[in-house]
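Participant: Have a look at this one.
Nothing in this text is a laboratory measurement; each read-out follows from the coordinates by a stated rule. Keep in mind that what you see is a predicted model, and the values were worked out from it rather than measured. Here the Cβ is made from the backbone with ideal geometry for all residues, glycine too, and neighbour counts use every protein chain on show.
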Amino acid sequence: MSDFTYENVDKVTPLETYEWDNVWIQRTDDKKSPRVLYIGDSISCALRVFGNGVTKEEILIDSFGTSKAIDNPYYWDALRLFSLQEGHRDVVLFNNGLHGWHLDDENDYPAYYEQMLCKILDEFKGSKIVIVLTTAVAKEERHRRVKVRNGAVKKIAEKYSLDVIDLYTVSEENMNLLGDDGVHFNADGYTCLSEYLVKEIKRILK
């Protein structure tokens, strides 16, 4: 199984060895269909692809996926620049849990998470903001940390009276569909997760 690694030498902000952004706007010519912005990680990038297939583009799912941890000072600038290009959206889904392992789970992670959430709430006032729980992973210690982080995130969601999409439970129930790296899912796994995600998006859009 792979592990996330960091280049810590002479760096103010810990970075993964391979840093990346993956952005996508689905059908820019469509100004009428409900539009969702999914902010997240590589899981969200895959779910954008599978989710648009499930909705048959009746609901458009855009994505801002990144390896940036939520304490990265460039995270917000990158997200905001993308959102300005995207323009309109009805729902914003927010998840950031499978990155930033250098952050303490009980204190630093919740603090930075709430800080980023407040920026999202302020920037996207016309959209419904929804919290998405982080998916399960095979590595036991990492899995334990995911559960701690999700617990903190649920408390933050409750504080701000926000909807929560529980991808964690669905992913944990389907860990047999994880790929060899123990983090990402195979096609059947992503199909299962995306079907649940779209069901929740439709509930929120009502």
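Participant: Considering only C-alpha atoms, what is the centroid distance from the range 168-199 to the range 91-151, in Å?
Facilitator: Here the answer is 18 Å between Cα centres.
Participant: When a footprinting reagent is the concern and you count Cβ atoms within 10 Å, what order do Asp181, Asp163, Asp122 take, fewest first?
Facilitator: On the way: Asp181 12, Asp163 15, Asp122 8.
Neighbour counts put them in this order, fewest first: Asp122, Asp181, Asp163.
Participant: Still on this structure: Run lengths n ≥ 4 of DSSP H only: what is the helix-derived mean residue ellipticity at 222 nm for the chain, with -39500 (n - 2.57) per run over all residues, to the nearest 500? Numbers along the way, then the final one.
Facilitator: Details: 6 runs with 88 residues, N = 206.
Result for the chain: -14000 deg cm²/dmol, rounded to the nearest 500.
Participant: Whose amide H sits under 5 Å from the amide H of Asp41, counting only residues 5 or more places off or on another chain, with H placed in the peptide plane?
Facilitator: Hits under the 5 Å cutoff: Thr66.
Participant: Considering only Cα-Cα distances, which of the following residue pairs are longer than 29 Å: Lys119/Lys202; Lys31/Lys202; Lys56/Lys139? Could the numbers behind the result be given before it?
Facilitator: Values: Lys119/Lys202 25 Å; Lys31/Lys202 18 Å; Lys56/Lys139 34 Å.
Listed pairs above 29 Å: Lys56/Lys139.
Participant: Give the residue from Asn107, Gly65, Leu197 lying farthest towards the positive end of the charge dipole for the chain; charges sit on Cβ (+1 for Lys and Arg, -1 for Asp and Glu) and the dipole is referred to the Cα centre.
Facilitator: Leu197
Participant: Where the only charges are on Cβ atoms (+1 Lys, Arg; -1 Asp, Glu), what is the dipole of the range 148-197 about its Cα centre, to the nearest 20 debye? Write down the numbers at each step before the final one.
Facilitator: Values: 4 positive and 9 negative charges, 83 e Å.
That gives a dipole near 400 debye.
Participant: With both bridge residues required to lie in the chain, what share of the DSSP beta bridges run antiparallel, to the nearest 5%?
Facilitator: On the way: 7 of 24 bridges.
Of the beta bridges lying entirely in the chain, close to 30 percent run antiparallel.
Participant: List Val164, Val36, Val49, Val130 from most exposed to least, where exposure is judged by having the fewest other Cβ atoms within 10 Å. Before the final figure, lay out the partial values.
Facilitator: Details: Val164 17, Val36 27, Val49 14, Val130 20.
Listed from fewest to most nearby Cβ atoms, that is Val49, Val164, Val130, Val36.
Participant: Which value in nm describes the separation of the simple spin-label points at Thr169 and Trp20, placed 7 Å from the Cα toward the beta carbon?
Facilitator: 3.1
Participant: Separate question: For Leu60, enumerate residues with amide H under 5 Å from its amide H, sequence gap 5+ or separate chain, H modeled in the peptide plane.
Facilitator: Arg35, Val36
Participant: Given Cβ point charges of +1 (Lys, Arg) and -1 (Asp, Glu) and nothing else, what value in debye, to the nearest 20, does the dipole of the chain about its Cα centre take?
Facilitator: On the way: 26 positive and 35 negative charges, 190 e Å.
Approximately 920 debye in magnitude.
Participant: Out of these labelled values of Rg/Rh (Cα atoms, Kirkwood Rh), [x] 0.94; [y] 0.97; [z] 1.01, which was calculated from the coordinates shown here?
Facilitator: [x]
Participant: With a 10 Å Cβ neighbour count serving as the proxy for reagent exposure, in which order, fewest first, do Asp104, Asp166 appear? Don't skip to the answer; put the middle values down first.
Facilitator: Numbers: Asp104 10, Asp166 15.
In increasing order of surrounding Cβ atoms, one gets Asp104, Asp166.
Participant: When ranked by the protection proxy of mean other Cβ atoms within 10 Å per residue, highest first, what sequence do the peptides 91-102, 67-78 form? Write out the running numbers ahead of the final one.
Facilitator: Details: 91-102: 22.4, 67-78: 17.3.
Result, highest mean Cβ count within 10 Å first: 91-102, 67-78.
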